[in-house]
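The values are calculated or read from the model by the stated rules, or taken from the named source; none is laboratory data. Keep in mind that what you see is a predicted model, and the values were worked out from it rather than measured. Every residue, glycine among them, receives a Cβ derived from its backbone with ideal geometry; neighbour counts consider all protein chains shown.
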Amino acid sequence: MRILTISLVVSMLSQFNGHPVVEHLLFNIEGHGEMSYALSVPSNYNPDQPRPLVLVLHPGGARGSYYGSVSMRQLFEPALRDWGAIIVAPDAPTRSWATELSDRAVMGLLGEIINQYSIDRTRILVTGFSLGGRGTWFFATRHSDFFTAAIPIAGSPGAIATTAIGDMPIHIVHSRDDDVVPFEPAAKAAEDLSRTGQLVHLSALENVGHYEMAGYLKALREAGDWVREQWDSRG
């Protein structure tokens, strides 16, 4: 069930410089309650022209309502704006993205978005930062039949079996100077995936701390360009 809770359009984005409309909404999780989420739709959206879909997973930290909207508008939407994509940024219903409840809620929400909007099913990206980077690994490996690319940022796969990621292109963004989530596990994941023939690329940043989110914008934009090149090459 999709409920519009804040009818204002964030910063009136649809009216200036071709920025998208951003709405703050609620999704009903059966048997659990409601999950808040932000939805970014291009101002020139036309149902006759299917759009890419981007799932954005927010980092950890002190959270308020529509916490996912903040990171989406600070980093992900500006970096990927020229995609003309529909972007969904939910608030995790638990303290982690890598739980059964988060999985059920997020995939249920995405199913609703696909029913309501014209989505190019060959161009569905999952991406996230820190906690959301770990969540990106989680969703990409659990739903390799749904997502068609992944960009984990500053997030280690941990114990997640990266071999379950299927044949989707994956672009890992991590800083060598990350003082919270070590660089080495991300580098090892890239090496292991490359060894198995996976289409993977690692952007290793320098002199960018974990909390310097603005320092990841250029790398995310370049990762997005790389993903689109892989999609285009597949036809």
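Okay, here's what the table says:
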{"quantity": "Verdict on L39 being assigned to a strand (DSSP E or B), at pLDDT 95 or above and farther than 27 Å from P157 by Cα", "calculated": "no"}
{"quantity": "Breaking point among (1) of a type outside the set (S, T, Y); (2) closer than 18 Å to A38 by Cα; (3) surrounded by fewer than 21 Cβ atoms within 10 Å (Cβ to Cβ), for D145", "calculated": "(2)"}
{"quantity": "Residue in region 173-181 that is modelled with pLDDT under 95, under 26 Å from L110 (Cβ atoms) and β-branched (V, I, T) present", "calculated": "no"}
{"quantity": "Residue tally, condition under 22 Å from V181 (Cα atoms) and either in a helix (DSSP H, G or I) or of a type in the set (K, R) (or both), over region 103-141", "calculated": "11"}
{"quantity": "Which numbered condition G60 misses (of (1) in a strand (DSSP E or B); (2) at pLDDT below 95)", "calculated": "(1)"}
{"quantity": "Positions within region 203-225 being of a type in the set (S, T, N, Q) and either under 18 Å from the mean Cα position of the chain (by Cα) or closer than 15 Å to P78 by Cβ (or both), in sequence order", "calculated": "S203"}
{"quantity": "Residues being over 30 Å from D48 (Cβ atoms) and surrounded by fewer than 19 Cβ atoms within 10 Å (Cβ to Cβ) - total across region 99-117", "calculated": "5"}
{"quantity": "Those residues of region 142-154 which are in contact (Cβ under 8 Å) with a residue 60 or more places away in the chain and either in a helix (DSSP H, G or I) or among the aliphatic types (A, V, I, L, M) (or both), in sequence order", "calculated": "A149, I151, I153, A154"}
{"quantity": "Single condition H201 does not satisfy, out of (1) outside any loop (DSSP other than H, G, I, E, B); (2) out of contact with any Pro (no Cβ under 9 Å at 6 or more places or on another chain)", "calculated": "(2)"}
{"quantity": "Selected residue (only one of A190, A219 is assigned to a helix (DSSP H, G or I), without any contact (Cβ under 8 Å) to a residue 24 or more places away in the chain and touching a Leu at 6+ places or on another chain (Cβ under 9 Å))", "calculated": "A190"}
{"quantity": "Cβ-Cβ under 8 Å pairs, at least 6 apart or on other chains, region 79-100 side part of a helix (DSSP H, G or I), far side crowded, with 19+ Cβ neighbours inside 10 Å and at pLDDT below 95", "calculated": "R81/H19; R81/P20"}
{"quantity": "Checklist (1) small (G, A, S); (2) in contact with a helix residue (DSSP H, G or I) (Cβ under 6 Å, 6 or more places away or on another chain); (3) free of Cβ contacts under 8 Å to residues at least 60 places away in the same chain; (4) on the phi > 0 side of the Ramachandran plot applied to G166, failing item", "calculated": "(2)"}
{"quantity": "Residues of region 155-172 satisfying the condition of being among the polar types (S, T, N, Q) and either surrounded by 16 or more Cβ atoms within 10 Å (Cβ to Cβ) or in a loop (DSSP other than H, G, I, E, B) (or both)", "calculated": "S156, T162"}
{"quantity": "Of the criteria (1) within 30 Å of D120 (Cα to Cα); (2) at pLDDT 95 or above, which one H210 fails", "calculated": "(1)"}
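Yes or no, residue by residue, for (1) in contact with a Ser or Thr (Cβ under 8 Å, 6 or more places away or on another chain); (2) among the aromatic types (F, W, Y); (3) surrounded by 15 or more Cβ atoms within 10 Å (Cβ to Cβ); (4) at positive phi:
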| residue | (1), (2), (3), (4) |
| --- | --- |
| V21 | yes, no, yes, no |
| L26 | yes, no, yes, no |
| G33 | no, no, no, yes |
| S40 | no, no, yes, no |
| D48 | yes, no, no, no |
| H58 | yes, no, yes, no |
| G64 | no, no, no, no |
| L80 | no, no, yes, no |
| W83 | no, yes, yes, no |
